[in-house]
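Down below is the structure, laid out as structure tokens.
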Amino acid sequence: MDIKKLVSQMTLEEKAGLLSGGDFWHTKAVERLGIPATMVSDGPHGLRKQDSAADHLGVNESIKAVCFPAASATAASFDKDLLEKMGQAIGESCQHEALSVILGPAVNIKRSPLCGRNFEYFSEDPYLTGKLAAAYIRGVQSKNVGVSIKHFAANSQEHRRMSSTSDVDERTLREIYFPGFEIPVKESKPWTVMCSYNRINGVFSSDNRWLLTDVLRDEWGFDGYVMSDWGAVADRVVGVHAGLDLEMPASGGVNDAKIVAAVRDGKLDEADVDLCCERILNIIYRFVENAKPDTPWDKEAQHLLSAEIAAECMVLLKNEDNVLPLSKNEDVVFIGEFAERPRFQGGGSSHINCCNITSAVEASEGMLVDYAQGYSIDRDEATDAMIAEAVEKARSCKAAVVFAGLPDAYESEGYDRTHMRLPECQNRLIEAVAAANPNTVVVLHNGSPVEMPWIDRVKGVLEAYLGGQAVGIATVKILFGDVNPSGHLPESFPKKLSDNPSYLFYGGEGNRTEYREGIFVGYRYYDKKDMEVLFPFGHGLSYTTFEYSNLRLSAEKITDADTLTATVTVKNTGSRAGKAVVQLYVGDDESTPIRPVRELKGFDKAALAPGESRDISFTLDKRAFAYWNTELRDWHVESGSFTISVGDSSRSLPLYARVTVEGSAELPRHYDMNSIFMDIMADPKAKAIFAPLFQKMHDSFSGGEGEEKPEDPIIKDEMMDAMLQYFPLRNLLSFGEGAVSEDALLELIERANA
Ligand code: BGC
């Protein structure tokens with residue numbers, strides 16, 4: 001299809017009309033020119049396709065579909081291939097249902113455990129988020145269906161999500177809140193991007209030309225269309241110029257008319273409207289011309305695939321005395337209503353009408369597994385009778401597994417949590433069961449960290465996150481050792497909410513939320529503060545053991561234009577097959593900018609048979625060493641030594657090696673009367689010019705050269721030097737005893753700036 005030609009045939013009204021939805025879920029058709037309407041739909045971990053009554057809050061029914069594990073879970077897999085496979089399955093369902101775009105993945109950063117939508121987001125770490133989202137997108141789009149990566153950007157809270165401004169400095173945006181989008185845009189070319197509801201530093205994302213055009217398109221090379229989140233458009237005319245191509249859902253014609261009027265009044269360039277049309281039509285025809293409506297959708301097979309994926313995501317947090325795996329020959333009791341009615345997805349626009357649900361109770365049929373309700377999900381209560389029944393059954397079994405977690409009302413799209421606790425009734429139940437049976441294990445269903453006041457009294461904890469509709473199958477397989485757990489935490493679990501770096505400012509004041517912790521999100525903060533956490537980022541146990549050895553680098557010294565290869569050998573030293581999650585972190589040993597101790601820059605998952613070992617390699621480029629320099633407004637590597645560390649969690653890094661990296665960019669320097677000696681002496685060129693004056697100043701302050709010095713002077717030489725470092729050049733005039741005139745000093749400054 002010749003898109004430019006098609007646009008040239010459209011009237012201004014038709015073009016303006018194309019820039020908003022035809023209804024809740026479709027782009028607008030232009031029948032005169034044969035332009036079809038295409039459907040978009042939520043997402044992201046399955047289809048929420050509404051054939052009749054439409055809404056964006058998960059209220060009305062959608063077609064029966066398969067609910068895969070949510071991103072909070074899939075992130076824990078640390079497995080790009082798995083995400084790609086899941087994307088392929090979802091892409092096939094979209095083809096079957098004639099959906100041109102699925103609304104996801106959602107890649108906002110888990111800034112605080114409180115965000116109501118954390119269950120839909122991947123991680124506190126931008127690199128992990130970006131790499132996994134890129135893999136999911138590759139999978140979906142390999143089926144000729146587009147994704148809409150969302151919500152661009154800095155949408156890490158639900159509170160006042162449609163009006164609040166996320167006030168974030170640029171370095172923090174670039175290092176923390178953008179890479180989850182940037183990596184997939186560059187690597188996987190998503191067909192569409194969804195802008196967020198919120199403002200960034202006062203400007204609505206839907207109006208933000210810097211965000212939607214300068215950064216997204218000009219810097220990262222995005223070539224699809226940007227759609228608004230549902231109802232996120234603030235000023236439609238400003239948005240068209242900013243690069244917001246499609247308003248969703250339908251605007252009732254109001255904004256279409258505004259676009260037409262703005263063009264007629266000369267307030268909006270028609271070329272901007274044409275560009276939006278071209279970008280939308282490109283994607284519409286990319287889908288239509290490759291549609292495969294006869295793609296089969298085998299929901300039963302996908303149900304089993306979702307079980308397989310869920311099993312790869314579960315994180316074994318604690319396993320004292322190898323309480324897990326459980327023996328199939330001994331009595332076990334599953335306690336807690338989640339064992340029978342699991343929580344496996346979150347509320348809101350991602351809510352899927354499941355074609356099938358398998359609970360742990362169902363999955364363990366025929367095994368020696370008893371069940372006690374323990375508490376009621378609906379009433380959020382554990383009666384004395386329920387607890388008594390649970391305790392009695394726990395007492396008579398070899399092991400007790402309590403299924404706990406957050407009920408639907410505790411975490412959902414649309415509002416944030418107010419605390420990090422489990423329901424009190426569940427905490428009480430766990431304490432009671434643990435007192436009755438020494439082999440107590442807790443399985444958790446939640447999208448975000450919870451406090452665990454009972455952690456020292458239970459032997460095992462399995463974090464299942466929100467594992468999708470077949471979560472029960474996966475849980476039973478892990479509990480009884482049919483699958484060896486291999487998930488690792490994509491976020492830190494603080495001991496208590498107030499330990500979290502965003503704690504003091506999260507949610508903000510009125511519409512203003514300041515991201516004052518800056519780049520120190522999650523482990524970047526806990527590590528810098530050397531704080532104890534409940535479980536660190538990257539942590540995850542296995543039923544086997546792995547040994548890491550022989551970390552070697554391809555060079556000892558590189559420039560920031562080179563790449564570095566780091567290779568490590570991983571061996572399965574236990575007696576079961578298992579999967580190791582190998583993590584690589586980079587830290588700047590000495591840096592002028594304030595930086596985290598280490599940051600994740602590589603990860604891989606390796607399946608190893610007992611005794612098997614394998615080399616795992618990572619390629620590091622400039623970005624692995626760089627920080628965002630606000631003066632250059634670019635990535636910058638400060639020359640010096642960096643530590644590469646490798647291991648199986650951010651706090652378990654047995655191997656390290658050092659590399660020297662030479663940065664190529666010169667930082668801009670400018671001197672004036674207020675420049676201080678310290679900065680001048682750090683610049684070889686300026687140092688050569690000012691060193692003699694610095695020496696004179698030093699001598700005159702320490703009593704003059706050759707003059708006799710008092711014994712044991714109160715101000716020692718080193719102290720003098722330290723103090724002089726902070727002197728501005730202008731002090732040469734006031735304290736320099738005529739060492740230099742003002743004119744001569746200005747001339748020297750000019751030379752240093754030349
Ligand atoms: C959500 C989006 C979703 C859209 C359509 C919005 O409320 O923020 O994530 O895709 O609704 O349902």
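Points to keep in mind about this one:
- The tail of the calculated P(r) for segment 483-589, taken as Cα-Cα distances beyond 21 Å, holds 58 percent of the pairs.
- Computed over the alpha-carbon atoms, segment 301-529 gives an Rg to Rh ratio of 0.98, Rh here being the Kirkwood radius from the mean inverse distance.
- Along each principal axis, taking the top coordinate minus the bottom one, the Cα set of segment 377-485 gives 43, 35, 24 Å in descending order.
- Loop-located GluC sites (Glu not before Pro) in segment 595-649 (DSSP state other than H, G, I, E, B) with a sparse environment of at most 11 neighbouring Cβ atoms within 10 Å: 631.
- Convex hull volume of the Cα atoms of segment 141-192, normalised per residue: 86 Å³.
- In segment 1-110, one over the average inverse separation of all distinct C-alpha pairs is 16.1 Å, which is the Kirkwood hydrodynamic radius.
- Sparse packing (at most 10 other Cβ atoms within 10 Å of the Cβ) combined with a DSSP loop state is found for the following GluC sites (Glu not before Pro) in segment 189-293: 289.
- Where the chain is the region considered: accessible area per residue in Å², 1.4 Å probe: 38
- Ignoring lysines fewer than eight residues from residue 696 along the same chain, the ones with Cα atoms less than 26 angstrom from its Cα are 685, 687, 709, 716.
- Within segment 546-662, the percentage of alpha carbon pairs spaced more than 22 angstrom apart rounds to 35%.
- Cβ-Cβ FRET estimate between residue 455 and residue 261, R0 fixed at 60 Å, reported to 0.05: 0.45
- Overall dimensions of segment 3-288 as given by Cα atoms, namely Rg and Dmax in Å: 17.7, 54
- Nearest-ten-degree value, helix 424-436 long axis tilted from longest Cα axis of the chain: 80
- Value of Rg/Rh across the chain [Cα atoms, Kirkwood radius]: 1.04
- With all protein chains modelled, accessible area of residue 417 [1.4 Å, Å²]: 10
- q = 0.22 Å⁻¹: log10 I(q)/I(0) that the Debye formula gives for segment 28-93, counting C-alpha atoms only: -0.96
- Folded to 0 to 90 degrees: helix 384-395 orientation relative to the chain principal axis, Cα: 90
- Each DSSP beta bridge with both residues in the chain is either parallel or antiparallel, and the antiparallel ones are about 55%.
- Take the Cα of residue 576, go 7 Å toward its beta carbon, and the backbone nitrogen atoms of segment 605-625 under 15 Å from that spot belong to 608-611.
- One decimal place: the segment residue 419-residue 4 gains 144.1 nm when fully extended, by the rule 0.36 nm per residue minus the C-alpha distance.
- Among beta bridges identified by DSSP and lying wholly in segment 546-662, the antiparallel ones come to about 95 percent.
- A full extension of the chain between residue 719 and residue 666 corresponds to an added length of 16.0 nm, given 0.36 nm per residue minus the alpha carbon distance.
- The H on the amide N of residue 462, modeled in the peptide plane, is under 5 Å from the matching H of 317, 442, 443, 444, each at least 5 residues off or on a different chain.
- Sparsely packed GluC sites (Glu not before Pro) within segment 510-575, loop by DSSP, other Cβ within 10 Å at most 11: 532, 556
- Square roots of five times the Cα gyration tensor eigenvalues for segment 296-344, Å: 27, 15, 12
- Folded to 0 to 90 degrees: helix 80-96 orientation relative to the chain principal axis, Cα: 50
- Packing-based ranking of 224-233, 18-27 yields 224-233, 18-27, ordered from highest to lowest mean Cβ neighbour count within 10 Å.
- For segment 546-662, the fraction of 1.4 Å probe accessible surface lying on carbon and sulfur atoms is 43 percent.
- Antiparallel %, DSSP beta bridges [both residues in segment 301-529], to 5: 25
- Taken along the Cα-to-beta-carbon direction at a fixed 7 Å, the label points for residue 741 and residue 383 span 9.9 nm.
- Cβ-based charge dipole, the chain, positive-most Cα from 296, 281, 155: 296
The values are calculated or read from the model by the stated rules, or taken from the named source; none is laboratory data. Keep in mind the model is a prediction, meaning the values are calculated, not measured. Please note: Cβ atoms are built from the backbone with ideal geometry, for glycine as well, and neighbour counts cover all protein chains shown. Please note that ligands, DNA and RNA were not included when accessible areas were found on the heavy atoms of the full protein model with its side chains. Shrake-Rupley method; radii C 1.70, N 1.55, O 1.52, S 1.80 Å.
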